[in-house]
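Trainee: Please see the structure below; I have some questions.
FYI, it's all coordinate maths here, none of it is from the lab. The structure presented is a predicted model; accordingly, all values stated were derived computationally and were not measured. A quick note on method: Cβ atoms are made from the backbone with ideal geometry, for glycine too, and the neighbour counts reach across all protein chains shown.
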Amino acid sequence: ATVVEELNEAERYAAGITGGASKFNSLYICSNELGTLLPAYDLEFMSKLTEIYDCHPYSERRRDRRHNAEIPRPQLNILAATQPGFLSSMLPEVAWEQGFLSRAILVYSGELIRKSLFAKSKHNDVLWEKLISDLKTIGNVAGELLFTQEAADLLDNFYMGG
């Protein structure tokens, strides 16, 4: 299934701030390799992801009517890992100036951590449960995001500084 088909089926309801329920479509994509999700740079697909990521109403009509989509309130999150070399080879220079990557948070570490090829990996159950708890808490956050004046000034100074 395509991202749009999956998002179209991912209907969610949340309690509204003023009562009632709010319907929206929300999809989380977790991929341990970005190249699986985006094997090549496709301007049309990247533009589609940008439009959806910005939570603008999205619709798509296909010849096969079973795959038509009408998504008035889309919400999309992507968590993916990749190597810097893949990004530089897959993405044209113009991609860095277009919409989608300006919405991405790229995290990089040059530190190489080698682990034994034969050692059993240790699963930290306590850390795992804390992570799940934190993600559930974040997932239940709703309402207007407000900033103190100090935080707004710091964010604005950071943004304006480039």
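Trainee: Determine the dipole magnitude for the chain: charges of +1 sit on the beta-carbon of Lys and Arg, -1 on that of Asp and Glu, nothing else is charged, the reference point is the Cα centre, and the result goes in debye to the nearest 20. Walk me through the numbers before you get to the answer.
Mentor: On the way: 16 positive and 22 negative charges, 140 e Å.
Dipole about the Cα centre, nearest 20: 680 debye.
Trainee: Ignoring everything except DSSP H segments at least 4 long, calculate the 222 nm mean residue ellipticity for the chain; use -39,500 (n - 2.57) per segment, divide by total residues, nearest 500.
Mentor: When only DSSP H runs of four or more count, the value is -10000 deg cm²/dmol.
Trainee: Skipping prolines and chain starts, which residues have an amide H placed within reach, meaning under 5 Å, of the one on residue 78, given they are 5 or more residues away or on another chain?
Mentor: The list, which skips near neighbours in sequence, is 29.
Trainee: Here is a further query. Roughly how compact is the range 49-162, stated as its Cα Rg over 2.2 N^0.38 Å to two decimals?
Mentor: Details: Rg = 20.1 Å, N = 114, 2.2 N^0.38 = 13.3 Å.
Rounded to two decimals, the normalised Rg is 1.51.
Trainee: Also, quick follow-up: Expressed as a rounded percentage, what relative contact order does the range 3-107 have, with Cα pairs under 8 Å and six or more residues apart?
Mentor: Numbers: 134 pairs, mean separation 31.5, N = 105.
It rounds to 30 percent for the range 3-107.
Trainee: Gain in length, residue 102 to residue 12, computed as 0.36 nm per residue apart minus the alpha-carbon separation, to one decimal in nm?
Mentor: Length difference between fully extended and current span is 29.7 nm.
Trainee: Let me ask something else. I'd like the distance separating the alpha-carbon centroids of the range 57-94 and the range 126-144, in whole Å.
Mentor: Using only Cα atoms to place each centre, the spacing works out to 25 Å.
Trainee: Starting from a Cα-only point model with no solvent, please compute log10 I(q)/I(0) by Debye for the range 3-107 at q = 0.10, 0.15, 0.23 1/Å.
Mentor: At q = 0.10, 0.15, 0.23 Å⁻¹ the computed log10 ratios are -0.34, -0.71, -1.31.
Trainee: Nearest-5 percent of antiparallel DSSP beta bridges in the range 5-78?
Mentor: Working: 8 of 13 bridges.
Taking every DSSP beta bridge within the range 5-78, about 60 percent pair in antiparallel fashion.
Trainee: Looking only at 107, 141, 126, which one moves most when the chain is put into a Gaussian network model with springs between Cα atoms under 10 Å?
Mentor: 126
Trainee: Separate question: Just the number, please: percent antiparallel of the DSSP beta bridges in the chain, rounded to the nearest 5.
Mentor: Of those bridges, close to 55 percent are antiparallel.
Trainee: For residue 59, put the label point 7 Å out on the Cα→Cβ axis and report which residues of the range 12-46 keep their amide N under 18 Å from it.
Mentor: 24-25
Trainee: Ok, one more. For residue 67 and residue 51, compute 0.36 nm times the residue count separating them, minus their Cα-Cα distance, and round to one decimal in nm.
Mentor: On the way: separation 16, 0.36 × 16 = 5.76 nm, distance 1.86 nm.
Length difference between fully extended and current span is 3.9 nm.
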